[in-house]
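Structure first, commentary second.
The values are calculated or read from the model by the stated rules, or taken from the named source; none is laboratory data. Here the structure is a predicted model, which means the values were calculated and not measured. Quick reminder, even Gly has a Cβ in these numbers, built from the backbone with ideal geometry, and neighbours come from all protein chains shown. Just so you know, the surface numbers come from the protein's heavy atoms only, side chains and all, with ligands and any DNA or RNA stripped out. Shrake-Rupley method; radii C 1.70, N 1.55, O 1.52, S 1.80 Å.
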Amino acid sequence: MDDISEWYKTLEVEPGAPLEEITRSHRELTKLWHPDRFRGEPALQAKALAKLKQINIAYQRLCN
C-alpha cells in the first residue's frame, strides 16, 4: 500500500481530508476492527488484526 489514495480509502475519508477528520476516522476504525472484539473466532480475529495494521499504517503515513 504505497499509494496515498489507498491510505485515504483505508481510513474511509476523502482525499485531502483535514487531520481532525483523519484522526476521528482512525479512532472509529480502530474500535471497530480491534481484534479483542472477535475473541473466540480465530479467523475473524486474524482478519481484524490485519485490517487494524493497515489502518495504523495509513494513519501514520497521512499524519507525516
Using only Cα atoms and rounding to the nearest 10 degrees, what angle (0 to 90) does helix 19-32 make with the longest principal axis of the chain? 10
Place +1 on the Cβ of every Lys and Arg and -1 on the Cβ of every Asp and Glu in the chain, take the dipole about the Cα centre, and give the residue among LEU19, PRO42, TRP7 whose Cα lies farthest towards its positive end. PRO42
Work out how much length ARG24 to PHE38 would gain on full extension: take 0.36 nm times their residue separation and subtract the Cα-Cα distance, in nm to one decimal. 2.8 nm
Ranked output for segments 13-26, 37-50 by mean other Cβ atoms within 10 Å, highest leading, reads 13-26, 37-50
Global form of segment 1-53, assessed from the alpha-carbon gyration tensor, a/c cut-off 1.5: oblate
Carbon and sulfur atoms account, in whole percent of the 1.4 Å probe accessible area of the chain, for 52
